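These notes are about the structure you will find just below.
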Amino acid sequence: MARKSQSQIKQALDCHESLQVGLIRNALGLQVGKSSWVSKMARLITTLTLVLFALAACAPTAPSLGSDGKPLPQLYKIRDRDSAKIQFRVLDSVNALRQAAGAPPVQLNAELAAAAATHSRDMSIQNRPWHFGSDGSSPIDRVTRAGYTGPFLGEAISETYETELQTLAAWMEEPGTREVVLNPNAQNMGFAWFQEENGKIWWTMILGG
């Protein structure tokens, strides 16, 4: 894979910074004016989703071309050394969304991350995205087994070829998973994945109090 030039890296950083500023401005804008509560919430949800999609597209890369001259589909391949970077990128994005929604920040939790990793691998074995393990375990069972002693608040899962930020953006579009991400009682987060040889990724996010 070609290395990114300094100008590409600077462009990505500038894009990320400007999006953060825009998110804060839009969030603050919800606190003033004469709009109704419904209009404010609609604007908040739209803003959060658009920011996530934009963040996912911030780092431009030159597409590979096929024999017909058209861009080839790009596979998002996760390397072992990218693990910490991905987790903190998702943590920062989740906390930006939570701040805009008026919810307190969360922190990464090792026990919840272990439970999420176990379920991501198990979903791959079962070949279906759902909340029960192959042994019949529930999300509460898994976090308890992992040693987490706080309350379980919710779980978001996905079967996709998309990146972590694209997946987070998709979760924010669905009322159920959006409530998990923005749960005001959450204090801890576990985020993990399992990627198959063909590039398919099974993502799992768990929130706990």
Backbone HN-Hα couplings from phi across the stretch 74-91 [Karplus 6.51/-1.76/1.60, Hz, Gly and Pro as x]: 9, 8, 8, 9, 8, 9, 4, 6, 8, 4, 5, 4, 5, 4, 6, 5, 5, 4
For the stretch 144-183, which whole percent of the accessible surface, found with a 1.4 angstrom probe, sits on carbon and sulfur atoms? 48
FRET efficiency, Glu196 to Asp141 (Cβ-Cβ, R0 25 Å, nearest 0.05): 0.55
Would you kindly find the accessible area of Tyr148, with a 1.4 Å probe and non-protein molecules such as ligands, DNA and RNA excluded, rounding to the nearest 10 Å²? 20
Ordered by residue, what ³J(HN,Hα) values in Hz, to whole numbers, does the stretch 130-146 give under the Karplus form 6.51 cos²θ - 1.76 cosθ + 1.60, where θ = phi - 60° and Gly and Pro are x? 8, 8, 10, x, 5, 9, x, 6, 8, x, 5, 4, 5, 5, 5, 4, 6
For the stretch 119-124, 3J(HN,Hα) per residue [Karplus equation, 6.51 cos²θ - 1.76 cosθ + 1.60, θ = phi - 60°, Hz, x = Gly/Pro]: 6, 4, 5, 5, 4, 5
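The values are calculated or read from the model by the stated rules, or taken from the named source; none is laboratory data. Just so it is clear, the model here is predicted, and its values are computed rather than measured. Quick reminder, even Gly has a Cβ in these numbers, built from the backbone with ideal geometry, and neighbours come from all protein chains shown. Just so you know, the surface numbers come from the protein's heavy atoms only, side chains and all, with ligands and any DNA or RNA stripped out. Shrake-Rupley method; radii C 1.70, N 1.55, O 1.52, S 1.80 Å.
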